[in-house]
Amino acid sequence: MGYAPEVARGEHPQRTAFYGACLLATAFLSCWLAASIHVAWVSAAIYVAAAVATCVGVVMTLRDYG
């Protein structure tokens, strides 16, 4: 068999970037949802949660490029 580096289950290095991209996609879709809701405080809460998810998603996606 070939050489397989020791990587613990759930610790694959590409997984973090994938999770960050999923967070970014979720934030984008939640903004789309918030734009269609006409209750101001619900929309505002969704936009704030989307902003936090975007910040975390960008950090997770681009952490290996710094």
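A few remarks follow.
- Extension gain (nm, one decimal) between V48 and A17, 0.36 nm per residue minus Cα-Cα: 8.9 nm
- Projected over all directions and averaged, the alpha-carbon convex hull of region 16-66 occupies 3.1 nm².
Every read-out reported here was derived from the displayed coordinates using simple, explicitly stated rules and does not represent laboratory data. Fair warning: this is a prediction, and the values are worked out from it, not measured in the lab.
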